[in-house]
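Shown next, in structure tokens, is the structure this report addresses.
The values are calculated or read from the model by the stated rules, or taken from the named source; none is laboratory data. Because the structure is a prediction, the values reported are computed rather than measured. Every residue, glycine as well, gets a Cβ built from its backbone with ideal geometry; the counts of neighbours run over all protein chains shown.
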Amino acid sequence: MSDKSISNIRKVDATALQEAVALLCAGELVALPTETVYGLAARADSESAVAKIYRAKGRPDFNPLIVHVPSLEAAEQIAAFDDRARALAASFWPGALTLVLPLKADAAIAPAVTAGLPTIALRCPAHPVMRAVLAKTGLPLAAPSANRSGGVSPSTADHVAASLGVDVKLILDGGAAQQGIESTIVIFRDTGWSLLRPGPITASQIAEIIGEENDVTASLSGIEAPGQLASHYAPGKPVRLDALTAEADEFHIGFGAVAGEVTLTASGDLAEAAARLYTCLHLAAGAAQPRIAIAPVPHEGIGAAINDRLSRAAT
Ligand code: AMP
Ligand code: MG
């Protein structure tokens, strides 16, 4: 498959799903839609399958992967849940919430998945395609975003093909990812919890279930947040934030009243802005202008997660 004209993108149907399941069971990589962004999946119990994820993404091996499971029951076979973790799973699964929990000693998880940490990141996704694949394989699937490490995350199958190309045998096309931004990540400690990554489920939604975040300083430890790299989601050009107007050499991404050449949302709807974030960054990356300017985005609600991604894109 070195001929680049041969597309490995397939619209989701029963045959394509069956092919995806067969490839995953055989230890191959499959890219597929989730409700957050497109994921690059491999069976999480196979060291050689997981190694292919790190290789295809060019991802540093100290940056552990999120494992996707079909249910809380499946998750409890892999990690030790306490009442707080169960309460969050009951409220937000299936959905865009990842829980970092102690890894069970007898869990069938390849060590490369957790990068040697005693904890594991688990998520039960809501997207019907990802759920069908999880159900049919009966396997936990490691699945980071389906792009080269450090680059802009993929919201569509075409973004995946442009970033990873023929390194992935099959890209299931299930349309644009609806939420468009990676899952919220929560880590638990004996006395509290903290947010490792803001996302579609906000800190205040979590606080309503298990009380206020109360362990913020500990989350900054390098060991527990190896993947929280300052520079990430980089479009390959300088990015200027909070730009109400653009210079002649800047591609302007708008928000609300700031029109821009493309807009995250004309109406100021933050959910729409999250869903369009990476599509706009991909358009900006491919535009003629050598620089990117982005309008201010409010920090409330999912705006915190959007601003988190924008600040890393600009670093
Ligand atoms: P990605 O799969 O690219 O969306 O990123 C996964 C994120 O989860 C990275 O920021 C990782 O550092 C983080 N992560 C995965 N496993 C763990 C873990 N055991 N402890 C802390 N963070 C984790
Ligand atoms: Mg990623």
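Just name the residue that is farthest from Leu196 (Cα to Cα) out of those in the range 221-265 that are out of contact with any strand residue (DSSP E or B) (no Cβ under 9 Å at 6 or more places or on another chain) and at pLDDT below 95.
The extreme case among them is Ser231.
In the range 119-139, is there at least one residue being over 26 Å from Leu17 (Cα atoms) and either charged (D, E, K, R) or out of contact with any Asp or Glu (no Cβ under 7 Å at 6 or more places or on another chain) (or both)?
yes
Scan the range 95-134 for residues that are surrounded by fewer than 19 Cβ atoms within 10 Å (Cβ to Cβ) and of a type in the set (Ser, Thr, Tyr) and jot them down.
Within the range 95-134, just Thr119 meets the criteria.
Considering only residues that are over 23 Å from Leu23 (Cα atoms) and polar (S, T, N, Q), look in the range 154-201 and name the one that is farthest from the chain's Cα centre (by Cα).
Filtering first and then ranking leaves Thr191.
Report, by residue number, each residue of the range 252-302 that is closer than 19 Å to Lys237 by Cβ, touching a Pro at 6+ places or on another chain (Cβ under 9 Å) and assigned to a loop (DSSP other than H, G, I, E, B).
Pro290 - this is the single residue of the range 252-302 that is closer than 19 Å to Lys237 by Cβ, touching a Pro at 6+ places or on another chain (Cβ under 9 Å) and assigned to a loop (DSSP other than H, G, I, E, B).
Could you grab me the full set of residues in the range 124-154 that are away from ligand 2 (no atom under 16 Å from the Cβ) and modelled with pLDDT under 95?
none
Quick check on my filter: what residues within the range 155-178 are on the phi > 0 side of the Ramachandran plot and modelled with pLDDT of 95 or more?
Of everything in the range 155-178, just one residue is on the phi > 0 side of the Ramachandran plot and modelled with pLDDT of 95 or more, namely Gly175.
Can you tell me how many residues in the range 226-239 are out of contact with any Pro (no Cβ under 9 Å at 6 or more places or on another chain) and under 21 Å from Ser145 (Cα atoms)?
Qualifying residue count, the range 226-239: 8.
What are the pairs with Cβ atoms under 7 angstrom where one residue, in the range 135-147, is near ligand 1 (Cβ under 8 Å from one of its atoms) and the other, located anywhere, is part of a loop (DSSP other than H, G, I, E, B) and β-branched (Val, Ile, Thr)? Sequence gap at least six, or different chains.
Ser145/Val37
Is at least one residue of the range 240-252 touching a residue at least 60 places away in the same chain (Cβ under 8 Å), out of contact with any Gly (no Cβ under 8 Å at 6 or more places or on another chain) and within 25 Å of Pro144 (Cα to Cα)?
No: the range 240-252 contains no residue that is touching a residue at least 60 places away in the same chain (Cβ under 8 Å), out of contact with any Gly (no Cβ under 8 Å at 6 or more places or on another chain) and within 25 Å of Pro144 (Cα to Cα).
Cβ-Cβ below 7 Å, separation at least six or inter-chain, first residue in the range 153-166 and free of Cβ contacts under 8 Å to residues at least 40 places away in the same chain, second within 16 Å of ligand 1 (Cβ to nearest atom) and not in a helix (DSSP H, G or I): which pairs?
So the pair list comes out as Ser163/Asn147; Ser163/Arg148; Ser163/Gly151; Ser163/Pro154.
Looking at the range 28-42, is at least one residue surrounded by fewer than 18 Cβ atoms within 10 Å (Cβ to Cβ) and over 15 Å from Ala162 (Cα atoms)?
Looking for residues that are surrounded by fewer than 18 Cβ atoms within 10 Å (Cβ to Cβ) and over 15 Å from Ala162 (Cα atoms), one finds at least one in the range 28-42, hence yes.
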